[in-house]
Amino acid sequence: MKFAIALFSAAHAPSSRRALQFAQAALAGGHEVVRLFFYQDGVYSASNSVVTPQDEQDIAQQWRAFVSEHQLDGVVCIAAALRRGVLNNEEASRYQRSAVNIDAPWALSGLGQLHDAIQDADRLICFGGP
Amino acid sequence: MSRSLLVISRQAPWSGPSAREALDVVLAGGAFDLPIGLLFLDDGVFQLATAQDAKALQQKDVTANLQALSLFGIDEVFACSHSLAERGLSPPDNAQPLSSEQISQMIDRYDQVMTL
């Protein structure tokens with residue numbers, strides 16, 4: 001089955017860890033993850049400036065490793081990211097901000113990528129939110 | 001044939017960016033001519049309250065953006081009757097009130113559902 005996974009919560013939220021575990025289980029079960037789309041506070045789950053205490057799981061790092069290892073299509077909503085100060089090199093230059101806290105394997109893009117994934121997938125699975 | 005998506009908007013308009021971001025998903029889908037429905041549920045029905053004064057909260061009026069729905073071809077706009085009644089709101093002009101049973105049936109009709 002082809003899954004599109006949408007995440008709406010930050011790396012410190014249990015739902016971010018659940019989304020990661022779901023995605024891992026989907027691949028392990030022989031399914032396909034057509035795209036990960038991080039929206040709303042989900043953009044924080046892609047931030048590389050998260051520092052987790054040593055005795056806690058670093059979910060943002062685990063996301064990054066997972067997406068890289070499986071060469072998944074990891075898309076972070078650009079409008080949601082800009083609003084929350086999650087910027088890649090290009091956007092930091094564009095808006096003259098000093099901090100860059102997102103890079104590969106993540107791509108900043110628009111909501112069209114979410115709709116495109118929904119059309120492509122058999123199932124949309126959402127994590128987080130209210 | 002395109003897959004249909006129901007967006008369930010559950011946040012009040014002034015509780016943060018969630019209401020606006022839910023609407024953005026709907027409008028983006030409309031821009032791609034996709035079959036999109038929008039349901040206001042729980043505190044989301046506050047987005048339908050008339051005569052809100054956004055300026056008093058130094059906010060932009062997110063409710064004005066609801067008028068863009070028809071321009072983007074989104075005509076399936078619903079509100080939960082129970083949520084409206086709980087909050088003392090009258091049935092809105094711009095969304096069709098539905099009972100809990102009707103909402104269950106409607107959710108079944110859509111291919112995908114996203115709650116924000």
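The values are calculated or read from the model by the stated rules, or taken from the named source; none is laboratory data. Since the structure is predicted, the reported quantities are computational estimates derived from the model, not experimental observations. Virtual Cβ from ideal backbone geometry, glycine too; neighbours counted across all protein chains shown. Side chains included, ligands, DNA and RNA excluded: accessible areas come from the protein's heavy atoms. Shrake-Rupley method; radii C 1.70, N 1.55, O 1.52, S 1.80 Å.
When you have a sec, figure out the Kirkwood radius of the protein assembly as shown from all distinct Cα pair distances and drop it here in Å to one decimal? Final number for the Kirkwood radius of the protein assembly as shown is 18.9 Å. Sparse packing (at most 14 other Cβ atoms within 10 Å of the Cβ) combined with a DSSP loop state is found for the following chymotrypsin sites (Phe, Trp or Tyr not before Pro) in the range A:36-130: A:Tyr95. Shown here for the range B:19-76: trypsin sites (Lys or Arg not before Pro) in loop regions (DSSP other than H, G, I, E, B) with at most 15 other Cβ atoms within 10 Å, namely B:Lys60. Of the GluC sites (Glu not before Pro) found in the range A:32-130, those in coil by DSSP whose Cβ has at most 12 other Cβ atoms within 10 Å are A:Glu56.
Rolling a 1.4 angstrom probe over the protein assembly as shown with all protein chains present gives an accessible area of which 46% lies on carbon and sulfur atoms. Between B:Ala54 and B:Ser90, the C-beta separation translates, for a Förster distance of 25 Å, into a calculated FRET efficiency of about 0.80. Its residue count N fixes a reference of 2.2 N^0.38 Å for chain A, and the Cα radius of gyration divided by that reference is 0.99.
The residues of the range A:2-127 have, on average, 47 Å² of accessible surface per residue, using a 1.4 Å probe with all protein chains present. The mean number of partner chain beta-carbon atoms within 10 angstrom of a residue's beta-carbon across peptide A:111-122 is 5. What total accessible surface area, summed over both chains, is buried at the interface between chains B and A, computed with a 1.4 Å probe and given in Å² to the nearest 100? Protein heavy atoms only, the B-A interface buries about 1700 Å². Accessible area per residue for chain B is 52 Å², calculated with a 1.4 Å probe on protein heavy atoms, without ligands, DNA or RNA.
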